[in-house]
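Here the structure comes first, spelled out in structure tokens, and everything after it is commentary.
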Amino acid sequence: MNLDELQSVQSRERQTDSLQQLRESFYEDAGEYIQQLREERDQAAGRAADPFDSPEVNRLSDDIKTAEQTVEALYERRVGKVVKMASLAAADMPTEEEGLTREERDLFDTLLNAIEENRDHVLDVLAGEASPGAVNTPAEAPQTGRGQNESAATDSASDTAADPTTDGESAGVGAADVMGSPDGDGPADVPPDVPPETPPEHESASGDQAASPASTEGQSDEEGGSETDVDRRTVRITDDVGAIFGVDEREYDLSTDDVVTLPAANADPLVERDAAEPLE
């Protein structure tokens, strides 16, 4: 594992609508590589008279930040594809499920069970066999034809603690944050009960033109189904983020120079890691 491999994988993922096959331990391997860089930086800092002015320390710090951001952007792009794949599978449509990492396989199984359970509940309501309202999720998801969920993966891709020898590196987001490990506060990109085949209600726009969910605010539920209680931010995307799911249960495909209005809970983390800049 090295930085060139990570960037090559990210580039290939951008060029296709389908999931490229990755080894099950990909995120684990990426975490080990980033940890190796941290150890090399610590050693370089120990040798330097002034760690903050050491070219080697600064180079390694840049490599660490680049690796973390690359893995995160890759994950966010792939997770949108996993969500779509789970929706298709829940509708008994053929899907290619090979090449998922351990973490992505766990996400796929969780989404599939949630969609199928939600669909069964809706059908029971229509048949008069259940009361309307939220699905009463049992402590353990029911077994489907694809088997029960495997236990949630505990392997995190990296330790996201900021290093005292790094000037400003805390702005970087590690892969552990992306995977939502106990050590990170990664964004909840995917709501647990995504309905099947939910059409995206947003298209990104480059340059000075913005096409965003803000245009649907104020409409009635029948016209747009907007969530007026969601605080929003208008931002310009400064890095290829890829597909994410907002807290408003909408899908956003974010590319560089897109101007878009996002829920604050999704926009603020992007601004904090320099993947977006506020416009208001």
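Selection of the range 256-280 for residues being touching a helix residue (DSSP H, G or I) at 6+ places or on another chain (Cβ under 9 Å) and surrounded by fewer than 16 Cβ atoms within 10 Å (Cβ to Cβ) yields Glu272, Asp274, Glu277, Pro278. Exactly one residue out of Leu37, Leu19 is assigned by TED's automatic domain parsing to the domain that holds Glu98, surrounded by 17 or more Cβ atoms within 10 Å (Cβ to Cβ) and assigned to a loop (DSSP other than H, G, I, E, B): that is Leu19.
What tally of residues in the range 233-280 results from selecting those that are closer than 25 Å to Leu19 by Cα, without any contact (Cβ under 8 Å) to a residue 60 or more places away in the chain and assigned to a helix (DSSP H, G or I)? Of the residues in that region, 1 qualify. The condition of being in a helix (DSSP H, G or I) and among the small types (Gly, Ala, Ser) holds for only one of Ala45, Ala49, that being Ala45.
Here Glu104 passes the criteria (1) over 19 Å from the mean Cα position of the chain (by Cα); (2) acidic (Asp, Glu); (3) assigned to a helix (DSSP H, G or I) except the one numbered (1). Within the range 42-64, can one find any residue that is hydrophobic (A, V, I, L, M, F, W, C), under 23 Å from the mean Cα position of the chain (by Cα), closer than 25 Å to Thr110 by Cα and crowded, with 18+ Cβ neighbours inside 10 Å? No, the range 42-64 has no match at all.
The values are calculated or read from the model by the stated rules, or taken from the named source; none is laboratory data. Quantities reported herein were computed from a predicted structural model and do not represent experimental measurements. Every residue, glycine as well, gets a Cβ built from its backbone with ideal geometry; the counts of neighbours run over all protein chains shown.
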